[in-house]
Amino acid sequence: MLANNPSILITGEIDEALIQQLTSKGFNVDVIPFIKTESIQSAIIQQEIEHIATIDAIIIFTSSHAVEAISHLLSNKKINWKVYCVGEKTKYVIEHLLPAVSVADYADNAIHLSQKIISTNSINEVYFFCGDKRMDTLPRLLASNNITVHEVQVYTTTIFEYALNRYYDVVLFFSPSAVRGFFTSNTIDEKTALFAIGNTTANEIKRYTSTNIIISEKPGKKELIEKLVEFFE
């Protein structure tokens, strides 16, 4: 058990098992999600997804939320997609919710994934399933290398703004949107340790503070929690 029971703020949804892992080691944990994602329910988008399902296509997912938003429309369809994605979690969700598709490759962030797609020298058109607040990095890099990007927004992200009136020893961020929500109404004490799930989220934090940021080697919530525990050992 930890001697001083560090206080942890987690700014996104997280499995109860990971919370219990922290509390069992003596951490005081608050979970306050600063974002909420919802699938877009639209006949037009549904028709577009169903059309894409009928063609041989290169598909990109940068978030597991996008996979979850479309999977129910594809459960009984034979799909011939070659998929590229960001993150091991997204890859895992694809393999479980869309087992008929092939994950050609994945990377730890949008820049590295773009580089992998560009380096094939054989891809000139992709379909990008994303949210309404997606980062511009991937479509910009692909377009600058003459790859046509068909963007299909399949979920929305609502950002919440909560003013917190207490100090935390640690704040964990899982997404750039949660970072923006947090810093809209809050600042960071110089003694607070900041943890980010990946470089994209860390870069967003740097827009608001010069505090040192600790990043997990792999972009997963479990990996970030392990990094946090290691930090205090």
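Across the range 50-83, the residues whose backbone nitrogen lies under 18 Å from the label position 7 Å along the beta-carbon direction of Ile44 are 50-52.
Among beta bridges from DSSP that stay inside the chain, the antiparallel ones total about 15%.
Evaluating 6.51 cos²θ - 1.76 cosθ + 1.60 at θ = phi - 60° for every residue in the range 185-195, the Karplus couplings come out as 10, 9, 10, 10, 5, 5, 8, 6, 8, 10, 10 Hz, glycine and proline recorded as x. Measure up Lys25/Lys82; Lys36/Lys206; Lys78/Lys227; Lys133/Lys227; Lys116/Lys191; Lys133/Lys221 against 31 Å on the Cα-Cα distance and list the ones that go over. Result: Lys25/Lys82; Lys78/Lys227; Lys116/Lys191 exceed 31 Å. Averaging the sequence gap over all C-alpha pairs within less than 8 Å and six or more residues apart, then dividing by the number of residues, gives the range 162-233 a relative contact order of 29 percent. A P(r) calculated from all alpha carbon pairs of the range 38-157, with 10 Å bins opening at zero, reads 14, 51, 33, 3 percent. Mean sequence separation of contacting Cα pairs (under 8 Å, at least six apart), scaled by the length of the range 38-157, corresponds to a relative contact order of 29 percent.
Helix content alone sets the calculated 222 nm mean residue ellipticity of the chain: runs of n ≥ 4 DSSP H residues at -39500 (n - 2.57) each, divided across all residues, give -10000 deg cm²/dmol. Amide hydrogen proximity for Lys25: with H placed 1.01 Å from N in the peptide plane, no residue at 5 or more positions away or on another chain lies under 5 Å. Summing Lys and Arg as +1 and Asp and Glu as -1 over all other residues whose Cβ lies under 12 Å from the Cβ of Ile117 gives a net charge of 0.
Shown for Thr158, Thr137: other C-beta atoms within 10 Å of each C-beta, ranked fewest to most, produce the order Thr158, Thr137. Sequentially through the range 196-213, phi angles give Karplus couplings (6.51, -1.76, 1.60; θ = phi - 60°) of 10, 6, x, 5, 5, 5, 4, 5, 5, 4, 5, 5, 10, 7, 9, 4, 4, 10 Hz, Gly and Pro residues having no value and appearing as x. Once C-alpha pairs closer than 8 Å and six or more residues apart are averaged by separation and normalised to the residue number of the chain, the relative contact order reads 20 percent.
Computed 3J(HN,Hα) for the range 133-138, one whole-Hz value per residue from the Karplus formula 6.51 cos²θ - 1.76 cosθ + 1.60 where θ = phi - 60°, is 10, 5, 6, 8, 3, 5, glycine and proline marked x.
Rule-based calculations on the coordinates, nothing more; no lab input. These figures come from a predicted structure and were not determined experimentally. We place every Cβ from the backbone using ideal geometry, glycine too, and count neighbours over all the protein chains shown.
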